[in-house]
1. Restricting to the stretch 75-89, name every residue that is of a type in the set (A, V, I, L, M) and either out of contact with any helix residue (DSSP H, G or I) (no Cβ under 8 Å at 6 or more places or on another chain) or modelled with pLDDT under 90 (or both).
2. Report, by residue number, each residue of the stretch 180-209 that is assigned to a loop (DSSP other than H, G, I, E, B) and either acidic (Asp, Glu) or in contact with a Ser or Thr (Cβ under 9 Å, 6 or more places away or on another chain) (or both).
3. If you go through the stretch 170-179, how many residues are within 19 Å of residue 159 (Cβ to Cβ) and assigned to a loop (DSSP other than H, G, I, E, B)?
4. If residue 329 satisfies all but one of (1) modelled with pLDDT under 95; (2) assigned to a helix (DSSP H, G or I), what's the number of the condition it fails?
5. If residue 368 satisfies all but one of (1) modelled with pLDDT of 95 or more; (2) farther than 20 Å from residue 305 by Cβ, what's the number of the condition it fails?
6. Here are 277, 272: which of them is aromatic (Phe, Trp, Tyr) and in a loop (DSSP other than H, G, I, E, B)?
7. Go through the stretch 71-91 and give me each residue that's more than 18 Å from residue 23 (Cα to Cα) and among the small types (Gly, Ala, Ser).
8. Return the pairs, sorted by first residue and then second, in which the second residue is assigned to a helix (DSSP H, G or I) and of a type outside the set (A, V, I, L, M, F, W, C), the first residue lies in the stretch 341-354 and is more than 13 Å from residue 327 (Cβ to Cβ) and touching a residue at least 24 places away in the same chain (Cβ under 8 Å), the beta carbons are less than 6 Å apart, and the residues are 6+ apart or on different chains.
Amino acid sequence: FGINPDAISLDDASIQISVSTIRDRIVLSLDRLLAPDRIWDWERLMSRHPTKYTPQLREDLEAYAPKAAGVLALLKRVDTDPFRDTVRDAIVAVDQARFLQLVSQDEALQQPATFAEYLGEQKEIGTERRRELLRAAVIRRPGKLELLIALGWITNGDNGKAAKADRLRWFQASVAAAPYNAWAQFSLGLAHHQMGNDDEAIACYTKSHELDPNFMLPIRNLAYYSAENGQFDEAISGLKKALELEPNETNLQNYLTKVERTAAAQVNFANFQSGRFTPASNEERLGMADWCRVKKHWHAAAGLSADAFANDPKLADELNSHRYNAACYASLAAAGQGEDAAELEEKERTRLRRLAYDWLRAELAAYSSQLINGTPDAQTPVRPLMTHWQQDPDLASIRDAESLTKLPESQQKAFKQLWSDVAELLKRTETQPVPKPE
């Protein structure tokens with residue numbers, strides 16, 4: 001914001017902030033500096049894993065303390081208030097119990113809109129209380145874009161129907177309040193995508209990109225749609241543009257590599273079907289498997305994935321990637337879905353279900369281990385992924401109660417236990433922070 005507190009006195013910095021036309025946004029930014037994303041993880045990990053993590057976390061805390069002291073001193077000059085000062089003191093002390101006790105008080109519902117927005121970002125508070133805080137602020141500041149968007153994002157990671165519908169409503173309100181805001185349009189596009197409204201999602205992403213051509217996220221998501229529809233030239237062009245804007249996004253680079261690999265496989269698909277072409281490397285196997293996915297040849301996609309894993313077992317260990325996708329292919333083929341599975345014999349369907357079970361069981365074991373032993377920075381966000389497992393239509397034939405009754409008794413028992421274990425892991429993630437939306 002053009003103010004350097006390190007170069008001027010605390011008094012001068014306070015004056016500059018106080019008279020600024022964007023004072024509220026500066027105060028919100030200072031509050032965000034006061035509580036970095038990992039602050040409560042420090043406390044939690046030190047209590048759970050004192051031997052493993054304490055030395056590094058102590059270093060983090062020691063580096064944090066002097067910076068926090070300066071930010072706190074500035075906040076107490078420019079936004080002094082007994083309640084907010086007490087909340088900030090609890091944060092600097094990394095006293096989560098005191099912090100949660102304070103934000104549960106009625107006085108928390110009477111805070112200015114920017115402080116309510118800040119509290120709404122603190123995922124340790126709990127979704128329902130954060131929603132109450134933000135809604136109370138909206139009543140006082142109706143139409144304030146930041147609050148409306150925050151209310152939409154508050155259930156990010158919850159893929160239940162009610163949560164998705166709630167996100168859609170708040171993002172529709174955001175666009176109504178600020179139709180020319182690129183972030184609001186992107187958020188509404190994402191909500192439509194999650195609801196399965198692809199045409200509406202594409203329209204919102206396109207509008208977001210028009211409003212801000214240098215905003216990476218709508219470019220990326222439009223490229224995803226192009227890739228899903230087999231429009232690889234458009235997808236590759238969009239992904240390259242997104243990488244120009246965000247060159248350090250490794251996920252983007254990985255996805256671009258995948259799309260380029262799939263585009264190359266498209267050329268050989270007819271020969272693969274006729275048996276005149278056999279993929280000779282994992283690069284070719286994975287590319288052909290993804291093109292088979294696009295063409296809904298689930299049986300072939302599952303077989304190619306199994307061949308790739310046999311050739312390089314480490315490939316299957318990339319979480320939330322090849323192995324999970326392969327399980328979906330096997331599940332769909334076992335159910336007779338797609339272009340190449342309708343005539344499969346029961347023996348082959350049983351084998352495919354066994355593959356899907358083994359792959360999902362391995363994924364689940366890896367996530368369980370990661371949740372117990374991993375640091376927050378290393379963890380894949382387990383909660384939204386397990387929720388997705390419970391709702392993914394690709395797995396319906398090996399998950400839903402009616403479908404399970406049609407399976408051999410041994411497989412019924414195995415899959416019931418698998419889904420019981422998924423629910424148990426999901427329950428264990430209740431204290432895990434939800435990742436920030438992308």
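The values are calculated or read from the model by the stated rules, or taken from the named source; none is laboratory data. Values in this document were obtained by computation on a predicted structure and should not be read as measured data. All Cβ positions, glycine included, derive from the backbone under ideal geometry; neighbour counts span all protein chains shown.
1. Result: no residue meets the conditions.
2. Listed by number, the list holds a single entry, 181.
3. Residues meeting the conditions: 0.
4. So residue 329 meets the others, but not (1).
5. Condition (1) is where residue 368 drops out.
6. Just a single option satisfies the conditions, and that option is 277.
7. Scanning the stretch 71-91 gives a single hit, 90.
8. Within 6 Å, the pairs are 341/299.
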